[in-house]
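Peer 1: Sharing a structure here in structure tokens format.
The values are calculated or read from the model by the stated rules, or taken from the named source; none is laboratory data. Bear in mind that the values here come from a model prediction, so they are computed numbers and not experimental data. Here Cβ is always computed from backbone atoms with ideal geometry, including for glycine, and neighbour counts include all displayed protein chains. For accessibility, only protein heavy atoms count, side chains too; no ligands or nucleic acids. Shrake-Rupley method; radii C 1.70, N 1.55, O 1.52, S 1.80 Å.
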Amino acid sequence: MCGIIGYTGKNNAVPYLLQGLHKLEYRGYDSAGIALIDESGISVIKRKGKVSVLEEAVTEGFSATTGIGHTRWATHGEPSQLNAHPHLSENGMFAVVHNGIIENCDKIKSDLRKDGYSFLSDTDTEVISQLLEKNYKGDPLACLKETAASLEGSFAVAVIHRDFPGTILCAKKSSPLIVARGEEGFFVFSDTLAAQNRISSYYLLSDGELALVTKDKADFFSEDGKPISKVPHYISSSTASSDKGDFPHYMLKEIYEQPKALKDTLSAYIKDGDVIFPNFNPTEKELKAIDRIHLVACGSAYHAALCAKYIFTQLSSLDTSAHIASEFRYEKTVLSKNSLVVIISQSGETADSLAALLLAKAEGAKTLAIVNVKNSAIALKADYVIYTQAGAEISVATTKAYICQLAVLYMLAYFISDKTEYIHSRFFPDILSLPRLAEKELSQNENALSAAELLKNSEHIYFIGRNTDYALSMEGALKMKEISYIHCEAYPAGELKHGTISLIEKGTPVIAVCLREDIFKKTLSAIKEVKARGAYVIAITTDKLKSNLTDCDFVIASGSEQSDIFTPFVGAVPLQLMSYYTALKRGCDIDKPRNLAKSVTVE
Ligand code: F6R
């Protein structure tokens, strides 16, 4: 949440900062700003709204070769120009951009007020700039070290000082911050996407570390200010493109990238017909000792976990539960060294998931991260990691990362069941057909468009299903509500009659996910119950089952023949397309839905 960019080098900083902010906009987009520094001092330009609004405000005439920028997702204080970053200190000595939350902000603010400092904004970030100014005794790095030590909570900060044009200072705790080298100079940012194609190597700051970056070099320091050397990571040429290409939205592009993303994810771990996870290699004894699996995640990643819970239980007989990360922390779940806690996250940064991981580690459980972004906090902190190979996902609403999470979870369920000899699975060879299944479902585009026409004026939509069809309904409902702003609810089909059915009246849209043959008849009963009360039913099913659904008002049927276990891969695509087209017809900002950000780094 919130994106940071900094540049210091031989060229005008403005284009680098603006391009970087555009790339980071997925992290927050309610306001944006830049601060530039040269011999004449610091200039700050900021605006409420998207980066394009800031861009219009940045007129010609700036030639500074050092600057910092920020795109915001509001935590403290409403989205406004005043609350936008960068924040200047009282006398304009320091300018600061910040990602994270300063938990002791109120206390610092009141102490600073007693010292005569005043505050222009409602942000927690302004306390950092003011505290820097108060602590300054001539050495900006020593000042940042002292200031960072008194901050509680999470922060990635980039700082410039009026008397040191050409220098950017950085500090990090719990929020991501990266320093990178390129031909044109040095960059600091929250995500390498910010300067993709401009950098050759990068350094990941660890918690507590500080950096002093100039146009020629970057120096790193430990929490106590001692110089440290860091190992660079090199940019691989295979990094996925972060451009939209010919697609009108990233979301549609990413939906269409799913067959490839699945293929890359499966081929990374299936070798000679067996599953091999290079970074998850417990001994057979350790695997057999696992007595409980907890799948923990947020949002869509939680829905992948929920789906996988059914698959793990079916394949391995191991007691498996799915948890929402923000709840897991307070559930007092009993964990032991024989528990395997699997944290699932596209960004690898989600604060609730990270906190759940740390809790599980503290309780002595084994932890495994399933993560898309390489070297992200969750990936680095877990005992084991399996990367999904979805490539960069830019649209705030996840599609290809979600489907790859499912694929990894299926491979993991097989891996555990195979190694522990619980139930040797017969389904496994079919897993290689998943990219083809997803590819075929892209041809549901026209059907999804027609369904969107039927749904676009709805106020409420109910999604129903059982077992993995229910987990998919949850994901379908989330996708629809987050990008179209239509109120959606997902229910286990059998649960509807215990209350929610009272909301069904003539014309109420119900999306019935009924892909599984083994429980089809039970879902059909629920469909009949809502039809009898006037619901307008759109069924997501298969060619094989559709002849039983003549009562439904619209049917999207998959022509693929797959076992029940793989139906989530079949149903996900039309549900995503249906949400996409509904949002499109409603004129919504599909890639950047209101109030959201792609990586949620606050609890
Ligand atoms: C929904 C969506 C979110 C994320 C959730 C977890 O489309 O993208 O619900 O799934 O915020 O994010 P990660 O996977 O980065 O931990």
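Peer 1: Inspect the range 514-523 for any residue being charged (D, E, K, R), in a helix (DSSP H, G or I) and more than 24 Å from Ala308 (Cβ to Cβ) and give the result as yes or no.
Peer 2: Within the range 514-523 (the criterion being charged (D, E, K, R), in a helix (DSSP H, G or I) and more than 24 Å from Ala308 (Cβ to Cβ)), the answer is yes, since at least one residue qualifies.
Peer 1: Follow-up question, since we're still on this one. Among (1) closer than 24 Å to Gln314 by Cβ; (2) crowded, with 22+ Cβ neighbours inside 10 Å, there is one condition Leu524 misses while meeting the rest; what is its number?
Peer 2: (2)
Peer 1: Quick check on the range 39-50. Is at least one of its residues among the hydrophobic types (A, V, I, L, M, F, W, C) and out of contact with any Gly (no Cβ under 7 Å at 6 or more places or on another chain)?
Peer 2: Looking through the range 39-50, none of the residues is among the hydrophobic types (A, V, I, L, M, F, W, C) and out of contact with any Gly (no Cβ under 7 Å at 6 or more places or on another chain).
Peer 1: Quick one: how many residues across the range 99-156 are small (Gly, Ala, Ser), under 18 Å from Leu212 (Cβ atoms) and in contact (Cβ under 8 Å) with a residue 60 or more places away in the chain?
Peer 2: 4
Peer 1: Could you please find all residues in the range 127-179 being of a type in the set (D, E, K, R), closer than 19 Å to Thr601 by Cβ and either part of a loop (DSSP other than H, G, I, E, B) or out of contact with any helix residue (DSSP H, G or I) (no Cβ under 8 Å at 6 or more places or on another chain) (or both)?
Peer 2: Let us first name the residues in the range 127-179 that are of a type in the set (D, E, K, R), namely 133-134, 137, 139, 145-146, 152, 162-163, 172-173.
With closer than 19 Å to Thr601 by Cβ added as a condition, the list becomes 152, 172-173.
Residues satisfying the conditions are Glu152, Lys172.
Peer 1: Can you confirm whether Glu254 is within 21 Å of the chain's Cα centre (by Cα) and modelled with pLDDT of 95 or more?
Peer 2: Against the criterion (within 21 Å of the chain's Cα centre (by Cα) and modelled with pLDDT of 95 or more), Glu254 qualifies.
Peer 1: Okay, moving on. If a residue must be crowded, with 24+ Cβ neighbours inside 10 Å and of a type outside the set (A, V, I, L, M), how many such residues does the range 57-72 contain?
Peer 2: Residues in the range 57-72 being crowded, with 24+ Cβ neighbours inside 10 Å and of a type outside the set (A, V, I, L, M): 6 in total.
Peer 1: May I pose another question? Take the range 324-356 and flag every residue that is open to solvent by 40 Å² or more (accessible area, probe 1.4 Å), acidic (Asp, Glu) and within 16 Å of the ligand (Cβ to nearest atom).
Peer 2: The one that is open to solvent by 40 Å² or more (accessible area, probe 1.4 Å), acidic (Asp, Glu) and within 16 Å of the ligand (Cβ to nearest atom): Glu327.
Peer 1: Quick one: would you say Glu561 is open to solvent by 60 Å² or more (accessible area, probe 1.4 Å) and at pLDDT 95 or above?
Peer 2: When the stated conditions are applied, Glu561 does not pass them.
Peer 1: While we're looking at this one, here's another question. Looking at the range 354-403 only, could you name the residues that are of a type in the set (A, V, I, L, M, F, W, C) and over 24 Å from Arg329 (Cα atoms)?
Peer 2: Ala390, Ala392, Ile394, Val396, Ala397, Ala401, Ile403 - these are the residues of the range 354-403 that are of a type in the set (A, V, I, L, M, F, W, C) and over 24 Å from Arg329 (Cα atoms).
Peer 1: Right, next: Specify which of the listed residues (Thr313, Thr320) is over 20 Å from the mean Cα position of the chain (by Cα) and in a helix (DSSP H, G or I).
Peer 2: The match here is Thr313.
Peer 1: I'm told Ser376 meets every condition in (1) surrounded by 20 or more Cβ atoms within 10 Å (Cβ to Cβ); (2) in contact with a Leu (Cβ under 7 Å, 6 or more places away or on another chain); (3) of a type in the set (S, T, N, Q) except one. Can you identify the failing condition by its number?
Peer 2: Failing condition for Ser376: (2).
Peer 1: Take the residues in the range 285-299 that are open to solvent by 10 Å² or more (accessible area, probe 1.4 Å) and not acidic (Asp, Glu); name whichever of them is farthest from the ligand (Cβ to nearest atom).
Peer 2: Lys285
Peer 1: If I go through the range 1-37 residue by residue, how many of them are in contact with a helix residue (DSSP H, G or I) (Cβ under 9 Å, 6 or more places away or on another chain) and either surrounded by fewer than 24 Cβ atoms within 10 Å (Cβ to Cβ) or closer than 18 Å to Gln196 by Cβ (or both)?
Peer 2: Summing the residues that are in contact with a helix residue (DSSP H, G or I) (Cβ under 9 Å, 6 or more places away or on another chain) and either surrounded by fewer than 24 Cβ atoms within 10 Å (Cβ to Cβ) or closer than 18 Å to Gln196 by Cβ (or both) in the range 1-37 gives 16.
Peer 1: Can I ask one more? On the given criteria, is Glu78 of a type in the set (D, E, K, R), part of a loop (DSSP other than H, G, I, E, B) and either at pLDDT below 95 or open to solvent by 60 Å² or more (accessible area, probe 1.4 Å) (or both)?
Peer 2: yes
Peer 1: Being of a type in the set (A, V, I, L, M), surrounded by fewer than 24 Cβ atoms within 10 Å (Cβ to Cβ) and modelled with pLDDT under 95 is the requirement here; does Val555 meet it?
Peer 2: no
Peer 1: Tell me which helices (runs of 4 or more DSSP H) are completely within the range 405-512 and hold 3 or more residues being farther than 19 Å from Tyr302 by Cβ, or say none if there are none. Reasoning before the result, please.
Peer 2: Working: elements: 434-441, 445-455, 468-484.
The qualifying helices (runs of 4 or more DSSP H) are 434-441, 445-455.
Peer 1: Filter the range 382-402 down to the residues that are within 12 Å of the ligand (Cβ to nearest atom) and not hydroxyl-bearing (Ser, Thr, Tyr), then identify the one that is surrounded by the most Cβ atoms within 10 Å (Cβ to Cβ).
Peer 2: Lys400
Peer 1: Among the listed residues Ala304, Ala308, which satisfies the condition of being touching a helix residue (DSSP H, G or I) at 6+ places or on another chain (Cβ under 7 Å), within 16 Å of the ligand (Cβ to nearest atom) and closer than 28 Å to Ser174 by Cα?
Peer 2: Step by step, each of Ala304, Ala308 is checked, and only Ala304 is touching a helix residue (DSSP H, G or I) at 6+ places or on another chain (Cβ under 7 Å), within 16 Å of the ligand (Cβ to nearest atom) and closer than 28 Å to Ser174 by Cα.
Peer 1: A further question on this structure: Could you list, in sequence order, all residues of the range 429-439 that are buried (at least 17 other Cβ atoms within 10 Å of the Cβ) and either closer than 16 Å to Tyr256 by Cβ or without any contact (Cβ under 8 Å) to a residue 40 or more places away in the chain (or both)?
Peer 2: Within the range 429-439, Leu434, Pro435, Leu437, Ala438, Glu439 meet the criteria.
Peer 1: Looking at the range 62-84, which of its residues are free of Cβ contacts under 8 Å to residues at least 60 places away in the same chain and closer than 21 Å to Thr167 by Cα?
Peer 2: Phe62, Ser63
Peer 1: Quick test for you: out of Ser417, Ser484, Ser458, pick the one residue that is open to solvent by less than 50 Å² (accessible area, probe 1.4 Å), away from the ligand (no atom under 16 Å from the Cβ) and outside the structural domain of Glu284 (by TED's automatic domain parsing). Walk me through it before giving the result.
Peer 2: Numbers: Ser417 fails: outside the structural domain of Glu284 (by TED's automatic domain parsing); Ser484 fails: away from the ligand (no atom under 16 Å from the Cβ).
None of the others qualify; the one that does is Ser458.
Peer 1: Return a yes/no flag: does the range 465-481 have any residue that is surrounded by 21 or more Cβ atoms within 10 Å (Cβ to Cβ), within 21 Å of Ala308 (Cα to Cα) and touching an Asp or Glu at 6+ places or on another chain (Cβ under 7 Å).
Peer 2: So far as the range 465-481 goes, yes, one or more of its residues are surrounded by 21 or more Cβ atoms within 10 Å (Cβ to Cβ), within 21 Å of Ala308 (Cα to Cα) and touching an Asp or Glu at 6+ places or on another chain (Cβ under 7 Å).
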